[in-house]
Every structure is written in C-alpha cells, then in structure tokens.
Amino acid sequence: MKLLVVGGGGREHAIIKKLKENKEVTEIFACPGNGGIAADATCVPIGAKDIDGIVTFAKEHAIDFCVVAPDDPLVLGCVDALEAEGIPCFGPDKAAARIEGSKVFSKNLMQKYGIPTADYAVFDDPKAALAYITEQNTFPTVIKADGLALGKGVVLAQDLAEAKDAIHSIMEDKKFGDSGNQIVIEEFLEGPEVSVLSFTDGKTLVPMISSMDHKRALDGDKGLNTGGMGTVAPNPYYTKAIADECMEKIFLPTLDAMQKEGCPFKGCLYFGLMLTKNGPKVIEYNCRFGDPETQVVLPLLKTDLLTVMRAVHDETLDQLEVEWKDGAAACVIVASGGYPASYKKGIPMDLGKAESLQDTIVYHAGTALEYGKLVTAGGRVLGVTATGDDLQDALNKAYEAVQEIHFDDMFYRKDIGQRALKALN
C-alpha cells in the first residue's frame, strides 16, 4: 500500500513511524513533512493547507490511503476533496471538523445535548462582550476565539483589565484574523486536566490511553502557554470509574449528538477534560490527534494502526479489538530559546546517541535538512519519547535521551510528569 500523511510536525512523525510497522505498507509520502520525517517517508513540498495540490499529488501517485492529521486541512475540507476523488481517508469531513473549527458550534452542541461543560456566553460585538464581563465581575474568566488559532486563541483573564485587553486584541485588532469574529466567554473550571483521544467510525467509539499535557513553557507551570512542552500516559487522575462516567455522559452523547446534527464524526476525536468537583466536564474538542499527546499514546498501541484507521474508514470498528501495552510513556519537548514568542531557526543540531537508546523514539517536530544536515525549523523542535514499566522508568529514559541532544539556545522543562508522579504516590 502507498500512504499519504498530510502534515509536518511531531504528531505526523509519530503517526508515520507507527504506520511503517504494517508489512503491507510499501511507501509513505508526507505533505510537507520535515527534516526528521524524511528518514521515514518521502517528503513532498506541498503545504498542509494546499488542498488542490494534495489531491492532485494523491491522484498522480495512486495513493491507497490518506491520513489528514492537522486541524487546518480538516476544517478546510481536505478529506471531502480526497474522498470525492475516490481516495479513502482517515479523518473527519468538513462538517464534522466544525467540532474544533468553531468553539461556538461545539459549545452550542454541548448545551443542546446536555453534555457537561463550563457555562458560557457567545458574542460578536466587543462592546457587548465587555459589558457582560463587567457585569459578571468574576475572575479568572476564560475568553476564546471562535475559530482555529494555532492553539493560542484562549486567554485566561485574571482581572477586568486583562479581559478588556483580550477582547480588544481578538475582536478589534484581529490577532487571529477571522477566527476572532466571534468569541466565547466561559466560566473558569478547576481540577486536574485529562486528554483522551479516541478512535471513532461515527457509531463505535474506542478511547485511547489517557494522557496529561504540560502547556506552560517553564518549570512549575510558569511562563507563557505553548502548544505543549511534554506529555505522560496514562494520566493517573483518570480512574476506571471516571472513564466509565465519561463514556456514559460525554463520549457516547457527543457521538450521538453529531449523528443527530447530520455530521457524524469519523476519525480521531479528542476530548480535553477537566475533572471538577462536580464531575468531568469538556474544556474542548479537537477533530484530530493531539500534539504532543499522540507522541505518548501511539507508542503504547499494540494493535496495528493502519488496521484501526481502515476500520474507522469502513465503519467496522465494532469488529476490531484494539489492544494496548502495559506500562507508561513520557515525552519531553526540546524547544528553541524564545519559544513560544520569537526564536531563531536554522541552528545546527547534534542528536548524539538519542535515537539509538533503548525504548526511546525521537520525534521531529520543527526540523529541516540543509545540505544534508539537521537544523532547527520551529519553536518545538523535537519530542523525545520513552516507554517504560512505569512512569518513573519512562521519564528516566526520556531525560537520559534529552541529555544527548545539543543545539544553541535549546531549552526544555525539567519537571515533566512530576505532578503525575505525586498523584501516583
């Protein structure tokens, strides 16, 4: 089989490495891929949002199966365009991808179908939004741009001044373009956060192993919000009892709601959950694999990934037993100095023995090849993942590999997994 994976980050590298395990796979292409992905797939210089270019390439190269991984092409209808040409895909169509593409759509869906989430209000007028926040006068409060914003369209305002600033920058300065035409203002929820990715064919839902992300740039959960500085799996806060409650009150009702709205969801549905004192609630949905959650979840998958993805496409997921390995996984993100603000690119890298250490995989997120040598090409550069008998074992191996890696101005959090270890003890 010839496969095409759309995207070019750490998540896509994790998907490609897992797909390579299938003996039927003869060739994998990545659009656009990156410097590290080039070792595992043929990288094609077509951007993930170039839908026409992707479709043309897939037809010309007789692609047998395509995985559309990032949010942008899914929301733009990449799956619809490929399927229209007879190319089977893993990923939701444009209508179903609205569950991430529009916060307003997802919040209204949850309200309509009684799926537990934070109380909220929707605004398309900045003056009305400001009047509402002033009248409510409860802080912290959460302000979200309606559309996609590279994972940065959420502001946790600590006081009225911060709320005013957020409304102004999102709605009037158009910091995130048209994504900020509408905003959602919602109550601040407290409790441990859990990420649960799931395979679903629109009728059957199979949750993957839970994970814990670390969003802040610096140790101790300080600094700016990022796309994720590291992950661990499983998440110790996500007990069997909570998993059962989520299946009954959140996961299956969401699947049912999408069916009833005429946009059944097929692909990877991501549930961002907050375990509040009043039970689990949905913070957000994603219409695809999370990044860097994928980097700790897929190494623990025992069942062949391509087989699962084809079952999702064919709507035969109920006939497949999806199995997971015992133990734990940990991922430490190695980033460029200055991330998530401004940072340099094109810095030469030395990975030492990191890629040859036992139970360790180095996923490339922001790397490029210049004259055959690896250089940095993004803020999050590498995802160093290790599996182990338990979380401490996995963390020890991941940090051992990180010590092997060197490039100017690199940084990483040194406390990934510490909160999870405390919960376990």
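For region 66-115, what are the residues that are without any contact (Cβ under 8 Å) to a residue 12 or more places away in the chain and of a type in the set (Asp, Glu)?
Correct list: Glu83 only.
Within the bounds of region 54-68, is there any residue that is crowded, with 20+ Cβ neighbours inside 10 Å and under 13 Å from Gly9 (Cα atoms)?
yes
Counting only residues that are more than 21 Å from Ala118 (Cα to Cα), give me the strands (runs of 3 or more DSSP E) lying completely in region 246-352 with at least 3 of them.
In region 246-352, 328-336 are the strands (runs of 3 or more DSSP E) which contain 3 or more residues that are more than 21 Å from Ala118 (Cα to Cα).
Sort through Asp219, Asp256 and tell me the only one that's over 26 Å from Leu424 (Cα atoms), in contact (Cβ under 8 Å) with a residue 60 or more places away in the chain and not aromatic (Phe, Trp, Tyr).
Asp256
Going by the conditions given, is Leu74 closer than 30 Å to Cys246 by Cα and not in a strand (DSSP E or B)?
Yes: the conditions hold for Leu74.
Of all the residues that make up region 178-204, how many are touching a Gly at 6+ places or on another chain (Cβ under 8 Å) and either of a type in the set (Gly, Ala, Ser) or free of Cβ contacts under 8 Å to residues at least 40 places away in the same chain (or both)?
Total satisfying the criteria: 4.
Quick check: anything in region 139-150 under 23 Å from His214 (Cα atoms) and open to solvent by 70 Å² or more (accessible area, probe 1.4 Å)?
There is at least one residue in region 139-150 that is under 23 Å from His214 (Cα atoms) and open to solvent by 70 Å² or more (accessible area, probe 1.4 Å).
Given the criterion under 25 Å from Gly202 (Cβ atoms) and of a type in the set (Lys, Arg), identify the matching residue among Lys94, Lys59.
Matching residue, one of Lys94, Lys59: Lys94.
Out of everything in region 353-380 that is open to solvent by 20 Å² or more (accessible area, probe 1.4 Å), in contact (Cβ under 8 Å) with a residue 24 or more places away in the chain and assigned to a loop (DSSP other than H, G, I, E, B), what residue ends up being farthest from Gln403 (Cα to Cα)?
Looking at the filtered set, the residue picked out is Ala377.
Listed here are the residues, each with its yes/no results for (1) open to solvent by less than 20 Å² (accessible area, probe 1.4 Å); (2) under 30 Å from Asp318 (Cα atoms).
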| site | (1), (2) |
| --- | --- |
| Ala157 | yes, no |
| Ser169 | no, no |
| Gln182 | no, no |
| Glu187 | no, no |
| Gly191 | no, no |
| Met208 | yes, yes |
| Asp213 | no, yes |
| Leu224 | no, no |
| Val232 | yes, yes |
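Given the structure, is Lys302 open to solvent by 10 Å² or more (accessible area, probe 1.4 Å) and over 15 Å from Thr385 (Cβ atoms)?
Answer is yes for this residue.
Would you point out which residue out of Ala420, Ala330, Ala398 is out of contact with any helix residue (DSSP H, G or I) (no Cβ under 8 Å at 6 or more places or on another chain) and not polar (S, T, N, Q)?
Ala398
Please count how many residues of region 4-47 are closer than 19 Å to Glu370 by Cβ, among the polar types (S, T, N, Q) and either in a loop (DSSP other than H, G, I, E, B) or in contact with a Leu (Cβ under 7 Å, 6 or more places away or on another chain) (or both).
Total meeting the criteria: 1.
Give region 224-272 a look and list any residue that's under 17 Å from Ile209 (Cβ atoms), among the polar types (S, T, N, Q) and out of contact with any strand residue (DSSP E or B) (no Cβ under 8 Å at 6 or more places or on another chain), or say none.
Within region 224-272, Thr239 is the sole residue that qualifies.
Of all residues in region 1-47, how many are open to solvent by 20 Å² or more (accessible area, probe 1.4 Å), of a type in the set (Gly, Ala, Ser) and closer than 20 Å to Leu74 by Cα?
2
The values are calculated or read from the model by the stated rules, or taken from the named source; none is laboratory data. Predicted model only: the values in this text are computed from it and were never measured. So basically every Cβ, Gly included, is an ideal-geometry build from the backbone, and we count neighbours across all protein chains shown. The accessibility values were calculated without ligands, DNA or RNA, using every heavy atom of the protein model including side chains. Shrake-Rupley method; radii C 1.70, N 1.55, O 1.52, S 1.80 Å.
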